[in-house]
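**Q** Okay, here's the structure, questions in a sec.
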Amino acid sequence: MYTISQLAKEFDISTRTVRYYEELGLLEPARSEGNQRLFSKREYARLKLIIRGKRYGFQLDEIKEMVTLFDKDRTGTRQLEKTIEYGTQKIAEVEERIQELTELKEEMKELHTDFQKRLGGEAHDT
């Protein structure tokens, strides 16, 4: 079992973030006799998936759907299908962003070269 502070430290997030994920229903910690949150290995694994999902750009509602599907289908089939669906969408978004950034980079390089030529041309004219 893990305390909220241990989880926060382990994943380099705030305890407030862990509580927020609990409020959203993403995590379901047990409570000690003193009402302290206690997180099981299952909750640890869920938090790891949440953090990974956030890193990949998924929205919390998407992450919640993917994470909670395992509770509804213990085979994991529905969870994998939904994850593949969302993953396909996310890959397409990333590829589109890469294309946009590549075009931006080329435009910036052209301007950079143009500006260098102008500066060099002015230096020779003076």
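**Q** At 1.4 Å probe size, with no ligands or nucleic acids counted, give the accessible surface of residue 95 in Å², nearest ten.
**A** 120
**Q** So, one more: Under the Karplus relation 6.51 cos²θ - 1.76 cosθ + 1.60, θ = phi - 60°, what is the ordered set of whole-Hz ³J(HN,Hα) values for region 80-93, x standing for Gly and Pro?
**A** Running phi through 6.51 cos²θ - 1.76 cosθ + 1.60 with θ = phi - 60° gives 5, 4, 5, 5, 5, 4, 5, x, 4, 4, 5, 4, 4, 5 Hz.
**Q** While we're on this one: Just to verify a number: what accessible area does residue 101 come out at with the full protein assembly present, 1.4 Å probe, Å² rounded to tens?
**A** Only protein atoms counted, so the area is about 80 Å².
**Q** Let me ask you something else. Using a 1.4 angstrom probe with every protein chain in place, what is the largest-first accessible-area order of 66, 108?
**A** If we order 66, 108 from most to least accessible, we get 108, 66.
**Q** Just reorder 7, 119, 24 by solvent-accessible area, largest first, 1.4 Å probe, all chains present.
**A** The ranking, largest first, comes out as 119, 24, 7.
**Q** What's the lysine pair count for the chain at a Cα cut-off below 25 Å, pairs eight or more apart or interchain?
**A** Going through the chain pair by pair, I get 25.
**Q** When ligands, DNA and RNA are left out and all protein chains stay put, how many square angstrom of accessible area per residue does region 1-109 have with a 1.4 Å probe?
**A** 69
**Q** So what's the net charge close to residue 37: Lys and Arg +1, Asp and Glu -1, counting the other residues with Cβ under 13 Å from its Cβ?
**A** On the way: positive: 16, 19, 31; negative: 22, 23, 28, 33, 43.
Around residue 37, the surrounding residues sum to -2.
**Q** Please compute the contact order of the chain in relative form: average sequence separation of alpha-carbon pairs under 8 Å and at least six residues apart, divided by the residue count, as a percent.
**A** 15
**Q** Nearest 20 debye, what's the magnitude of the dipole of the chain about its Cα centre given +1 on Lys and Arg Cβ and -1 on Asp and Glu Cβ?
**A** 960
**Q** Then there's this: Which value, in Å² rounded to 10, gives the accessible area of residue 97 with a 1.4 Å probe and all protein chains present?
**A** Residue 97 exposes around 120 Å² with every protein chain in place.
**Q** With a 1.4 Å probe and all protein chains kept in place, how do 32, 5 rank by accessible area, largest first?
**A** Putting 32, 5 in descending order of accessible area: 5, 32.
**Q** Between residue 110 and residue 11, what is 0.36 nm times their sequence separation minus the Cα-Cα distance? Round to one decimal in nm.
**A** Taking 0.36 nm per residue and subtracting the Cα distance, the gain is 31.4 nm.
The values are calculated or read from the model by the stated rules, or taken from the named source; none is laboratory data. Given the structure is predicted, the values throughout are model-derived calculations rather than measurements. Cβ: placed from backbone, ideal geometry, glycine included. Neighbour counts: every protein chain shown. These area figures cover heavy atoms from the full protein model, side chains too; ligands, DNA and RNA do not enter into them. Shrake-Rupley method; radii C 1.70, N 1.55, O 1.52, S 1.80 Å.
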